[in-house]
Amino acid sequence: MNPEAELIKGCREFKESAQKNLYLKFAGKMKAVCMRYCPNEAEAEDILHEGFIKVFVNFNKFSESGSLEGWIKRTMINTAISNYKKRKKEKLEKLEDVHEDISDPIQEEQLEEFQFSQEELMKALNSLPENLNIVFNLYYLDNNSHKEIGLLLGIDETTSRARLSRARKKLREDLLQMKQSKRGFNLFKILAK
């Protein structure tokens with residue numbers, strides 16, 4: 001029996017050693033997934049722990065037709081989205097129902113001349129408003145369609161598309177502004193000429 005099959009068998013039998021090994025094997029990758037959906041590291045760790053509890057409790061629902069890592073990742077994403085909805089409800093935030101695409105004056109070609117570090121990209125992503133960040137992550141990083149995003153977040157597809165458009169626009173603006181401030185001149189004035 002291969003090591004992953006033994007790990008699966010042990011988790012299905014609720015063996016503590018198997019659960020610990022599963023956690024140690026996937027915790028780092030899954031924390032990175034949680035960080036994409038949470039406003040801070042402490043909350044990401046809470047989501048990680050809550051997600052692993054769900055994994056252990058529902059391990060018998062894992063069908064071995066897919067990958068174990070993929071199933072755990074989906075559990076983490078669903079846990080993060082549930083947490084987002086709960087926070088949204090607690091804060092009584094009202095999601096915008098924007099049903100139009102936003103015009104985007106900043107072209108992607110303007111960004112192609114720059115190279116961005118992973119730190120700069122993460123800073124720009126983390127600066128997005130939470131409702132835009134979640135749609136961006138679900139669409140680009142987790143390959144969900146707008147229909148799937150709508151079902152996960154309880155919004156319609158058009159709202160998902162509008163939020164993705166706004167997220168892309170804000171990311172472009174923030175990245176250009178980062179480069180502009182490093183160079184010490186107003187890139188927008190130059191680009192407007």
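Just a few scattered comments:
- Residues with amide H under 5 Å from that of N144, placed H, sequence gap 5 or more: Y139
- Of K147/K169; K88/K179; K85/K147; K25/K85; K25/K147; K86/K147, pairs whose Cα-Cα distance is over 23 Å: K88/K179; K25/K85; K25/K147
- Whole-Hz couplings from phi, Karplus 6.51/-1.76/1.60, listed for segment 58-73; x for Gly and Pro: 9, 4, 5, 7, 6, 9, 6, 6, x, 7, 4, 4, x, 5, 5, 4
- Calculated from backbone phi, Karplus (6.51, -1.76, 1.60) coupling profile of segment 41-54 in Hz, x at Gly/Pro: 5, 4, 5, 4, 5, 4, 5, 4, 5, 4, x, 5, 4, 4
- Placed amide H near I155: partners under 5 Å, 5+ positions off or other chain: none
- The calculated FRET efficiency for F116 paired with K169, based on their beta-carbon distance and R0 = 25 Å, is about 0.90.
- Modelled spin labels at E45 and L141, positioned 7 Å past Cα toward Cβ, are 1.9 nm from each other.
- Using θ = phi - 60° and Karplus 6.51 cos²θ - 1.76 cosθ + 1.60, couplings along segment 9-18 (whole Hz; Gly, Pro as x): 4, x, 5, 5, 8, 6, 6, 4, 5, 5
Here, each number is a calculation from the coordinates, and none is a lab measurement. Just so we're clear, the structure is a prediction, and the values are computed from it rather than from any experiment. Cβ sites come from the backbone with ideal geometry, for glycine too, and all protein chains shown count toward neighbours.
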